[in-house]
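The values are calculated or read from the model by the stated rules, or taken from the named source; none is laboratory data. All figures in this text were calculated on a predicted structure; none of them were measured in a lab. Positions of Cβ are generated from backbone atoms using ideal geometry, with glycine treated the same way; all protein chains shown enter the neighbour counts.
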Amino acid sequence: MSLVLQHYSCSITTMTRIRSQQDAQLVRAVLPLLILTLIRERESYGYELVERLEALGVSVSTGLVYPVLNRLERDHLITARMGASNNGPPRKYFTLTTAGEDARTAAIHQWQGVSLAVQNASNSEGASDAE
Amino acid sequence: MPNKSPVEYVARRSVTDRLRIDTYLMRVDWHLEGVTRSAERKAAIRSLREELAGDPRHIRTALRDLGPPNALAARYAEEGQRSPTWSIGIITAGVALLVYWIVFLSYTGGMLAAVDSIAPGEAHSTFLFIDVMAFSNAEGIGIGWTSGWAWLVVPAVIVTIALLLGARSWRRARSASQPQY
């Protein structure tokens, strides 16, 4: 009995680990699009973006966001300027460029394509289950 | 995962905080050497420094949120870019040399203690190809070793191996053997 329980608990742990890895990969894949969209709404600094993502229900760390910001800035999709803050040292505020706007539009189309494919696959799966 | 504790805003970074940032960024820089080009690496460090300066949280929280330096560096990694980390190699070589010296001096110190306990007397031994001696008599005590080839070659070999392993030098051969497009 205890052996069965132990095996069951081990399976749950493995499933949880796989699930969290999948979640992390999904967040990483969609992070550039989310960041471009948030910056398009209004210019923001790094930690502010983390807070805004949290408010949207996407749990990320600065360790995930900063490398993405660095890559977007390197590819000229966003630009940065140092701006004064009321309660601390100057902050690096990011703004979307024209190239960033185009990249965002392309990413949205990509995302919609993937989303549609998942939806179609789920629908056909549901239909075959019903037969 | 981000830290969920309430954010306590910090107006100005203290000297200790700046030292913590410098130490953290130095470690990130060591790891970045192996995964990005030099210009990208400098830009990443500059950008991180600016972000950390503007982060309103306590520096401990901000650094914890960034994660371990090697993991953060891996997130800056460029596709397929893997080169030797010579900075880490040099540090590894330095540590290996220090460990060699500590072990060597402990060995000779142990010999001296043994000889001193049965004084007057003299003992000869070999430590990694180096002839070592210790003596203790009415005139004094002392240790000594010969200055043959092993005296230079043994530490040099240890340092070289530590440098090559620490720097992950095989990456150079691997990147050279990869086809260029």
Give me the residue from the range A:55-88 that is modelled with pLDDT under 90 and hydroxyl-bearing (Ser, Thr, Tyr) and, out of that set, farthest from the chain's Cα centre (by Cα). A:Ser85
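If only one of B:Gly121, B:Gly89, B:Gly94 is in contact with a Ser or Thr (Cβ under 8 Å, 6 or more places away or on another chain) and at pLDDT 90 or above, which one is it? Talk me through it step by step, then tell me what you get.
Values: B:Gly121 fails: at pLDDT 90 or above; B:Gly94 fails: in contact with a Ser or Thr (Cβ under 8 Å, 6 or more places away or on another chain).
Just a single option satisfies the conditions, and that option is B:Gly89.
So that you can scan it fast, the table gives a plain yes or no per residue for (1) farther than 27 Å from B:Thr16 by Cβ; (2) more than 9 Å from chain A (Cβ to nearest Cβ); (3) buried (at least 17 other Cβ atoms within 10 Å of the Cβ):
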| position | (1), (2), (3) |
| --- | --- |
| B:Ser38 | yes, yes, no |
| B:Leu63 | no, yes, yes |
| B:Leu66 | no, no, yes |
| B:Pro84 | yes, yes, yes |
| B:Ile91 | no, yes, no |
| B:Val99 | yes, yes, no |
| B:Ile102 | yes, yes, no |
Among (1) modelled with pLDDT under 90; (2) surrounded by 12 or more Cβ atoms within 10 Å (Cβ to Cβ); (3) closer than 30 Å to A:Asp75 by Cβ, where does B:Trp151 come up short? (3)
Among all residue pairs at least 6 apart or on different chains, which show Cβ distances below 7 Å where the first residue, located in the range A:66-94, is at the interface with chain B (Cβ under 10 Å from one of its Cβ atoms) and the second is among the basic types (Lys, Arg) and in a strand (DSSP E or B)? A:Ala80/A:Lys92; A:Met82/A:Lys92; A:Gly83/A:Arg91; A:Ser85/A:Arg91; A:Tyr93/A:Arg81
Can you confirm whether the range A:69-86 contains a residue that is surrounded by fewer than 13 Cβ atoms within 10 Å (Cβ to Cβ) and over 22 Å from B:Arg46 (Cα atoms)? yes
Which ones in the range B:85-135 are more than 30 Å from B:His31 (Cα to Cα), of a type in the set (Ser, Thr, Tyr) and part of a helix (DSSP H, G or I)? B:Ser106, B:Tyr107, B:Thr108, B:Ser117
